[in-house]
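Note sheet for the following structure.
The values are calculated or read from the model by the stated rules, or taken from the named source; none is laboratory data. These numbers were taken from a predicted model, which means no experiment stands behind them. Here the Cβ positions follow ideal geometry from the backbone for every residue, glycine too, while neighbour counts run over all protein chains shown. Areas reflect the complete protein model, heavy atoms only, side chains present, ligands, DNA and RNA absent. Shrake-Rupley method; radii C 1.70, N 1.55, O 1.52, S 1.80 Å.
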Amino acid sequence: MLKEKAGVIAGQIWEVLNETEGKTQKQLKKEAKLKADKDLFLGLGWLLREDKIETSEVDGELFVKLK
């Protein structure tokens, strides 16, 4: 069940990032309508494992963009 949830959340995050230059952690969480940080990180982990995103730190905040 958790694996299915991770895939769904990863899809939501990918849709938010698609056609953008990237988003901060706060922007992603809000725009993907995720309630908990753990859900955001679950989806990000999936996308990182699939090598679909790049992460960096900008002004002390996590920044994510599609590859």
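How about the stretch 8-19: which of its residues are at pLDDT 95 or above and over 10 Å from the mean Cα position of the chain (by Cα)?
First, the residues of the stretch 8-19 that are at pLDDT 95 or above: 8-18.
Result: V8, N18.
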Worksheet item: Among the residues of the stretch 1-19, is any part of a strand (DSSP E or B), β-branched (V, I, T) and open to solvent by less than 80 Å² (accessible area, probe 1.4 Å)?
Response: no
Discussion item. Of everything in the stretch 20-51, what is part of a loop (DSSP other than H, G, I, E, B), over 16 Å from F63 (Cα atoms) and of a type in the set (D, E)? Give them in sequence order.
Written reply: E50
Worksheet item: Within the stretch 30-59, how many residues turn out to be free of Cβ contacts under 8 Å to residues at least 12 places away in the same chain, surrounded by 15 or more Cβ atoms within 10 Å (Cβ to Cβ) and touching a strand residue (DSSP E or B) at 6+ places or on another chain (Cβ under 9 Å)?
Response: 1
